[in-house]
Each structure stands twice: as C-alpha cells, then as structure tokens.
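Written below as structure tokens is the structure these notes are about.
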Amino acid sequence: MERITRLLKTEFARFVIVGGISAVLEYSLYFLFKLILEYLIANVLAFGLTNIVTFILSKLYVFEPSGKRKRHEAALFFIFLIGALAVNQAVLWSLVEFAGMDDKIAKALAIAVTVIWNFFTRKRFVFKNQEGATQRGTTNYPSDNL
C-alpha cells in the first residue's frame, strides 16, 4: 500500500490522472461539437477548451512551481499547446482522410499521440522548476524521477 501511495505522488502519476480527466473531457467535447460542426473544427474547439482546464489542473496538481512569472509560464504553455494542436489535428486528419479510419478511433489515437508531446513540453519547458524545489507536498522518493 505504501508503494502505491508513493507511486501516486510521483509527477508522472499525477500527470496521468490529470491527463485521463482531460482525455475524457476532450473526447466528450469533440463528439458534442461534432453534432453541429465539421470534425476538424470540433476538434480545435474541444482541444482548446480542454487544455484551459488542463493548464489549471497541471499548475495546481501535477507540476511544481517553476519560479517563472505566471504570464511567462502561461505564454509558454500556450506556445507549446499550438504545437500539440498541430500534432493532434495532423494525426486526426491523416487517419480519417488517408487511412479511412472512423473518427472515433482516430480521435482517441490523436489524443494518445499528443500525450507524449504534452508531458515532454510541460515538464521540460513550461513547468520546469528553476529553483530546485522538491515535489509539491511530497518527499522526493527515487521513483519521483520517472
């Protein structure tokens, strides 16, 4: 039980939890918007709204304070978010238009692909701790470095 508790305190585990919430929200919003909009427009709206929520959850729960000013951190988040949106759109479009895949499956795969981009850019650039603080509310266990 202690090992599970320590695992859930790691930054990556918190990222997975927030990412799971975000993925469900994005997937749901996509199909809601798709009822009235073309699939690529629905994707942009779902992605954008979801990532506002994700930014707040990431800042509060996943990553430690970066030591950067809030505007600077938000600007970096949204710059890398544009890259994530481009990846997400490209994967969705390619799978639907070229592979003939159903958009339900293609959207799930597009979300999965952008998870890697999001973790890397948020960890290394957006929420990178400049001050060397320990994990928020935890002891720095060896597993925290995953």
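Full-extension gain between VAL53 and VAL16, please, as 0.36 nm times their residue separation minus the C-alpha to C-alpha distance. Display every interim value, and only then the final one.
Numbers: separation 37, 0.36 × 37 = 13.32 nm, distance 1.46 nm.
Extending this stretch completely gives an extra 11.9 nm.
Counting only heavy atoms of the protein chains, get the accessible area per residue of the stretch 45-124 (1.4 Å probe) and round it to a whole Å² value.
Result: 54 Å² of accessible area for each residue.
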Debye equation applied to the C-alpha atoms of the stretch 36-106, log10 I(q)/I(0) at 0.18 Å⁻¹: -0.77
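Which links in LYS70/LYS123; LYS59/LYS123; LYS34/LYS104; LYS107/LYS128; LYS70/LYS128 stretch past 20 Å when you go from one Cα to the other? Before the final figure, lay out each step's value.
Working: LYS70/LYS123 16 Å; LYS59/LYS123 11 Å; LYS34/LYS104 11 Å; LYS107/LYS128 29 Å; LYS70/LYS128 13 Å.
Where the Cα-Cα span goes over 20 Å, the pairs concerned are LYS107/LYS128.
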Table column - 3J(HN,Hα) (Hz), the stretch 93-104, Karplus curve with 6.51, -1.76, 1.60, x for Gly and Pro: 4, 4, 5, 6, 7, 9, 8, x, 7, 4, 5, 5
Stretchable slack from ILE79 to ARG124, in nm (0.36 nm times residue separation minus alpha-carbon distance): 14.8 nm
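The values are calculated or read from the model by the stated rules, or taken from the named source; none is laboratory data. Every value quoted in this text rests on a predicted model; they were computed, and no experiment measured them. When the accessible area is computed, the model is the full protein with side chains, heavy atoms only, and any ligands, DNA or RNA have been set aside. Shrake-Rupley method; radii C 1.70, N 1.55, O 1.52, S 1.80 Å.
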